[in-house]
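The values are calculated or read from the model by the stated rules, or taken from the named source; none is laboratory data. Worth saying up front: this structure is predicted, and the values here are computed from it rather than measured. Neighbour counts run over all protein chains shown; Cβ positions are idealised from the backbone, glycine included.
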Amino acid sequence: MGNEERRNQLDKYCNGFANVRTDMLKMRGFDKQVMAATHGRGIFTSNVFMPPSADFFVNRRVAYVSSILQFTNTSVGALSYNWDFGDGTFSTAQNPSKQYFAPGFYNVTLQINGGAQTKTINAYIQILPYRSVPYLVGNGGNFEVNPTDFGPETISGTEFQRGNSTVSGKNGVNSGSNAWVTGLVGNYANNTHSMLYSPNFNCTASGTYTLRFRVKNRFEINYDGYIVEYSTDLGSSWTSLGNTVLTNWYDFANGTTNTAFPRFQAFFNATNTAFNQKQYNVSFLAGNPKVAFRWVFKSDAGAQEVGMALDDIELLGPNNTALPVQLIQFTGVVLSSDKTQLNWLVASEKNNAGFEIEKSEDGLHFYSIGFVKGRGNSEQTAAYRFTDENADQEKRYYRLRQRDINGTESLSKVIFFDGNKLSQKLFQFAYQTNENTILLTSFENDLQYTIYSQNGQLVQSGKTTGELNLLRLDNLAKGIYLLEVKNSKGQRQVEKLLNLGN
Ligand SMILES: [Ca+2]
Ligand SMILES: [Ca+2]
């Protein structure tokens with residue numbers, strides 16, 4: 001850091017201190033951290049004299065293919081950043097966000113100030129795979145095959161470890177030679193908060209789904225234990241599978257406020273001296289292509305016990321492939337006045353014949369403009385591209401029709417160009433000729449739409465059901481309206497609507 005910058009930083013720190021007396025001023029020897037204790041204004045610290053050092057953390061250590069991770073730089077004295085995410089991708093941003101497109105363990109390195117300091121954390125991130133349903137012991141639920149289908153994360157205290165413990169109360173396994181155990185050796189620590197994550201399951205098909213597993217455990221009675229949570233958004237948010245006591249499920253109602261879990265969050269607490277089966281009907285998750293589970297163990301501040309051994313996790317249900325073709329990104333760019341290039345990224349492919357590229361000028365009627373061959377079967381991420389050579393229309397909609405070798409098809413989301421710009425809007429709409437109807441096009445499902453009159457009165461509302469939605473305006477008088485569309489994340493877009501009537 002140059003003298004000028006130091007002075008500017010000091011000015012910033014010293015701002016407003018003119019009339020404050022400093023009673024004590026010290027510099028810590030080993031890292032040159034400065035501390036000033038003021039008269040009546042508290043204690044202040046400054047790192048302006050500290051030597052540069054690289055450091056960072058990430059919001060999630062265990063995540064899924066295409067989860068969005070947020071890295072935070074905590075370096076001292078850094079002016080420039082070079083991140084290496086361990087998968088052949090890099091960033092120079094201060095606090096980058098990042099997606100991984102293949103399962104595995106990744107080393108992450110942050111280099112600051114052009115190589116002045118470097119921090120590398122090996123196997124820092126674990127990315128868990130997508131798996132099919134039913135998922136049985138032989139698919140990986142026994143923790144013998146595909147051992148990296150599951151991953152532990154420790155917030156504090158004792159971590160889940162894979163193996164065979166000899167500690168009485170959690171000793172042994174239900175199958176093979178491995179269980180996931182809250183510490184293979186000794187008792188669990190006080191104030192433990194540790195988790196075990198499942199793979200991501202495709203539960204798109206309708207039907208009955210059951211999650212079940214075997215557990216042997218001994219916890220401090222009435223205080224420590226575990227719950228099972230689920231996520232439908234690649235692990236961004238988690239919800240407990242129920243919060244009451246049920247047969248073969250949570251056994252402790254937790255009516256007091258001094259246990260390891262919040263009051264009235266029931267949990268597993270009772271002792272299981274053998275590997276007993278627990279199960280939960282998770283059919284309410286049908287229709288979700290992204291379902292994951294995690295086991296959350298917590299202990300309170302006193303009295304330790306041996307803990308738990310978990311084995312033979314299964315998710316029973318109707319047949320679902322492991323998302324045969326994982327399209328993780330579909331976007332495009334205008335190359336010239338009549339050429340638009342489409343780009344898409346695929347994480348893994350199973351029996352993929354290829355992609356039909358479809359185009360529309362009204363968002364409703366699509367026609368094929370080309371075909372790009374797939375790779376059949378692959379676990380590697382691949383980038384595909386296609387150029388529309390006749391892209392001189394003002395409004396252009398594109399989508400991909402992915403075709404399996406056996407003839408099954410699935411459609412991608414629709415992307416939309418307005419002139420030379422890829423639209424990032426929540427939705428588009430177009431008036432339909434000779435009808436009191438508008439076509440609402442969106443890349444997202446389940447949007448809440450509301451139509452207001454000019455004086456703010458709600459006149460019509462509803463939910464969208466797919467990418468293309470026809471909204472009828474028959475009941476509305478001629479005039480100007482406002483159409484508001486919101487998604488579940490709170491994003492909102494408002495457009496003016498002109499109802500010309502019949
Ligand atoms: Ca096992
Ligand atoms: Ca305890």
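The set of residues from the range 116-145 being at negative phi and outside any strand (DSSP E or B) comprises 116, 129, 132, 136, 137, 138, 139, 141, 142, 144, 145.
Find the residue count for the range 32-75, including only residues that are modelled with pLDDT of 90 or more, of a type outside the set (Ser, Thr, Tyr) and outside any loop (DSSP other than H, G, I, E, B). Break it down stepwise before answering.
Filtering the range 32-75 down to residues modelled with pLDDT of 90 or more leaves 53-64, 69-75.
From what is left, the residues that are of a type outside the set (Ser, Thr, Tyr) are 54-63, 69-71, 73.
After this cut, where a residue has to be outside any loop (DSSP other than H, G, I, E, B) as well, the list is 56-58, 62-63, 69-71, 73.
Residues that pass the stated criteria total 9.
Each residue in the range 338-377 was checked for being modelled with pLDDT of 90 or more and under 24 Å from residue 131 (Cα atoms), and 2 of them qualify.
The number of residues in the range 95-115 that are more than 22 Å from the chain's Cα centre (by Cα) and either at pLDDT below 85 or at positive phi (or both) comes to 3.
Of all residues in the range 28-41, none are among the aromatic types (Phe, Trp, Tyr) and under 17 Å from the mean Cα position of the chain (by Cα).
If you scan the range 444-476, which residues turn out to be in a strand (DSSP E or B), out of contact with any Lys or Arg (no Cβ under 7 Å at 6 or more places or on another chain) and not hydroxyl-bearing (Ser, Thr, Tyr)?
Of the range 444-476, the ones in a strand (DSSP E or B) are 448-453, 458-463, 468-472.
Filter again for out of contact with any Lys or Arg (no Cβ under 7 Å at 6 or more places or on another chain), leaving 449-453, 458-463, 468-472.
Selection gives 451, 458, 459, 460, 462, 463, 468, 469, 470, 471, 472.
Residues in the range 140-152 that are of a type outside the set (Phe, Trp, Tyr) and touching an Asp or Glu at 6+ places or on another chain (Cβ under 8 Å): 140, 141, 142, 152.
When you scan the range 305-332, how many residues do you find that are in contact with an Asp or Glu (Cβ under 7 Å, 6 or more places away or on another chain) and either at pLDDT below 95 or within 16 Å of ligand 1 (Cβ to nearest atom) (or both)?
Filtering the range 305-332 down to residues in contact with an Asp or Glu (Cβ under 7 Å, 6 or more places away or on another chain) leaves 305, 324-325.
Still in the running and either at pLDDT below 95 or within 16 Å of ligand 1 (Cβ to nearest atom) (or both): 324-325.
Within the range 305-332, residues that are in contact with an Asp or Glu (Cβ under 7 Å, 6 or more places away or on another chain) and either at pLDDT below 95 or within 16 Å of ligand 1 (Cβ to nearest atom) (or both) number 2.
On inspection, residue 188 does not qualify as buried (at least 22 other Cβ atoms within 10 Å of the Cβ) and closer than 24 Å to residue 239 by Cα.
Scanning the range 260-276 turns up no residue that is crowded, with 18+ Cβ neighbours inside 10 Å and at pLDDT below 95. Give the residues of the range 391-418 that are of a type outside the set (Ser, Thr, Tyr), part of a loop (DSSP other than H, G, I, E, B) and either crowded, with 16+ Cβ neighbours inside 10 Å or touching a strand residue (DSSP E or B) at 6+ places or on another chain (Cβ under 8 Å) (or both), sorted by residue number. 391, 394, 405, 406, 413, 414 - these are the residues of the range 391-418 that are of a type outside the set (Ser, Thr, Tyr), part of a loop (DSSP other than H, G, I, E, B) and either crowded, with 16+ Cβ neighbours inside 10 Å or touching a strand residue (DSSP E or B) at 6+ places or on another chain (Cβ under 8 Å) (or both).
Of all the numbered requirements in (1) away from ligand 1 (no atom under 16 Å from the Cβ); (2) touching a helix residue (DSSP H, G or I) at 6+ places or on another chain (Cβ under 7 Å), residue 175 misses one, and that requirement is (1). Of the strands (runs of 3 or more DSSP E) lying entirely inside the range 146-254, none contains at least 2 residues that are acidic (Asp, Glu), within 16 Å of ligand 2 (Cβ to nearest atom) and touching a Phe, Trp or Tyr at 6+ places or on another chain (Cβ under 7 Å).
In the range 134-145, the qualifying residues are those that are surrounded by fewer than 18 Cβ atoms within 10 Å (Cβ to Cβ) and in contact (Cβ under 8 Å) with a residue 40 or more places away in the chain, and the one that is nearest to ligand 2 (Cβ to nearest atom) is 136.
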